[in-house]
Amino acid sequence: MMISGTSLAASTKLFQNSYARNSERVNSALEQLSTGKRINRPSDDPSGFVAAEEIRGELIDLHSADKIDASRRIQISFQESALSNIQGVLIDVRGELVTAADGALNTRQRKDIQNGIDSSLDAIDLIAGRVEGVAGSEKLEPLRRTAKSVSL
């Protein structure tokens, strides 16, 4: 059987169109596999693409908020650590004040205790100066006055 020229041209054109469609589908499937996304461009799914872009924007906002929260958690951890150190220093100062209030101490011993209290309050200022959001010994001025009044 012989194929006429017109029929051969039509078959060739049909084959080329079919090949082009299949090739485009394969390329689209490869693109989806390589990116891991079902929608890579608006022509894949226009309304889905818009929704995906909105969700992508929300994810970016959430990641930014998470980074800010992590930074705040770190800052709070530093503040808590500084406050814990200050608390320890204040406990030591209280012990020194109780010791200084004892009438059995001589002037030299009281002066040594006063120097220790002054050093402790300076340590509080140093700790507070290095950590944002922690007040220094200016808040402890009544304690400083009390410590000075105990010494001779």
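The values are calculated or read from the model by the stated rules, or taken from the named source; none is laboratory data. The shown structure was predicted, so the numbers you read here are calculated from the model rather than taken from an experiment. For neighbour counting, all protein chains shown are included, and Cβ atoms are generated from backbone atoms with ideal geometry for every residue, glycine included.
Odds and ends about this structure:
- Here 74, 86, 68 are screened, and the one residue that is surrounded by 11 or more Cβ atoms within 10 Å (Cβ to Cβ), of a type in the set (Val, Ile, Thr) and out of contact with any Lys or Arg (no Cβ under 9 Å at 6 or more places or on another chain) is 86.
- Condition met for residue 82 (touching a helix residue (DSSP H, G or I) at 6+ places or on another chain (Cβ under 6 Å) and at pLDDT below 85): no
- Here residue 65 does not qualify as assigned by TED's automatic domain parsing to the domain that holds residue 127, closer than 30 Å to residue 128 by Cα and modelled with pLDDT under 85.
- Taking region 87-118 as the range and being aliphatic (A, V, I, L, M) and in contact with a Gly (Cβ under 9 Å, 6 or more places away or on another chain) as the test, only 93 passes.
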